[in-house]
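Right, one structure below, let's go through it.
The values are calculated or read from the model by the stated rules, or taken from the named source; none is laboratory data. Because the structure is a prediction, the values reported are computed rather than measured. Positions of Cβ are generated from backbone atoms using ideal geometry, with glycine treated the same way; all protein chains shown enter the neighbour counts. For accessibility, only protein heavy atoms count, side chains too; no ligands or nucleic acids. Shrake-Rupley method; radii C 1.70, N 1.55, O 1.52, S 1.80 Å.
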Amino acid sequence: MAIEDESPEVPDSRVEESVICISNVKLRFSEMLVKKQFRCNHSAACSCTKGHLSEEVIFLVFQHLNWNPRLIANLSCVCKWFDDIAKRVLWKEFCRTRAPKMMPDLQSSGSHNVDGNWKALGKLLIYCSGCNEDLFNSIHIPGHFVYRTRFSRTSGKSFLLPQCRSDVLYVSDPCEHLDQGEDSDVGFFRGVFKSFSVSRVKKMLIDREAKFHPTEVCPYCKAKLWNMLQAKMVPRSAGSRLGAYDECVEYYVCLNGHMLGICTLLPLSDSEEASELE
């Protein structure tokens with residue numbers, strides 16, 4: 001026996017409206033998914049696929065934490081989306097808080113970012129890279145974090161040849177590692193150029209056909225390194241500024257303008273005499 005469909009007939013106009021409404025919902029939902037895939041771009045197992053905290057919330061949380069670098073680094077390990085926020089926002093605010101006078105100068109050329117990236121600069125502010133035998137032909141001294149370091153634009157002039165002193169270079173005070181055997185007292189220093197891509201130092205390195213280090217890279221941004229000593233671009237004033245022996249000052253500059261160097265420090269009485277002569 002045949003069974004007749006007793007459901008009421010639906011006007012064609014209402015059917016068309018329902019189809020259009022469903023299509024709009026699907027379109028809006030698909031747009032949300034596309035946006036989320038673009039922002040997240042990680043595996044389905046990641047907890048972030050269930051929804052993100054807004055950038056404003058994350059900003060306020062880390063502002064309350066005073067831009068703690070350890071916590072920023074931990075957040076970066078969660079997923080690519082959090083890593084992106086850390087690179088664009090959190091490390092930038094950390095740098096601004098840690099070096100409030102230095103950051104506006106580095107950005108005063110109009111660029112919204114510094115050479116390299118904010119994460120690399122944040123690491124440079126708080127991390128002494130130490131040395132290994134391949135980089136400085138010296139004893140191995142591991143890198144370590146430092147609580148506080150002073151960076152000086154005035155000191156940076158002492159590390160530039162006279163024809164390059166229109167460049168802006170910030171250099172740290174030496175991080176002292178005392179009683180290092182035959183190398184006596186060793187000091188490590190680091191720095192950063194403003195707008196290195198258009199600096200006189202970079203132009204001179206290229207004109208002199210300076211060679212990159214064959215194996216080592218910048219510990220802050222992983223860019224290739226120029227040896228300033230091999231390029232004969234280390235002025236005598238650098239040793240005087242550091243309180244070090246002139247012939248025992250060596251430093252590298254990377255493609256992004258980060259500087260790292262080593263020196264053998266003079267005994268305290270000798271360094272005081274050197275500073276008086278300077």
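Distance cut-off 30 Å, Cα to Cα: go down the list LYS92/LYS224; LYS157/LYS211; LYS80/LYS203; LYS157/LYS224 and report the pairs above it.
LYS80/LYS203
Starting from the Kirkwood radius over alpha-carbon pairs of region 55-100, derive D by Stokes-Einstein at 4 °C in a medium of 1.567 mPa s and give it in µm² s⁻¹.
126 µm²/s
Find out how many positive minus negative residues lie around ASP105, taking Lys and Arg as positive, Asp and Glu as negative, among other residues whose Cβ is under 10 Å from that of ASP105.
+3
So what are the ³J(HN,Hα) numbers for region 88-95, from phi and the Karplus equation (6.51, -1.76, 1.60; θ = phi - 60°), rounded to whole Hz, Gly and Pro as x?
Working through the residues one at a time gives 7, 10, 5, 5, 4, 5, 4, 5 Hz.
Skip the ligands, DNA and RNA, and give the accessible area per residue of region 55-100 with a 1.4 Å probe, whole Å².
Heavy-atom SASA per residue in region 55-100 reads 57 Å².
When a/c reaches 1.5 or more, the comparison of a/b and b/c decides; with that in mind, is region 68-173 rounded, prolate or oblate per its Cα gyration tensor?
oblate
May I ask you to evaluate 6.51 cos²θ - 1.76 cosθ + 1.60, the Karplus curve with θ = phi - 60°, for each residue of region 168-177 and list the ³J(HN,Hα) values in order in whole Hz, giving x for glycine and proline?
Per residue, the Karplus-derived 3J(HN,Hα) values read 10, 9, 9, 10, 7, 5, x, 8, 7, 10 Hz.
If packing is taken as the average number of other Cβ atoms within 10 Å across a peptide's residues, how do 169-176, 63-70 rank, most packed first?
169-176, 63-70
Under the Karplus relation 6.51 cos²θ - 1.76 cosθ + 1.60, θ = phi - 60°, what is the ordered set of whole-Hz ³J(HN,Hα) values for region 239-246, x standing for Gly and Pro?
Result, rounded to whole Hz: x, 5, 5, 7, x, 10, 5, 4.
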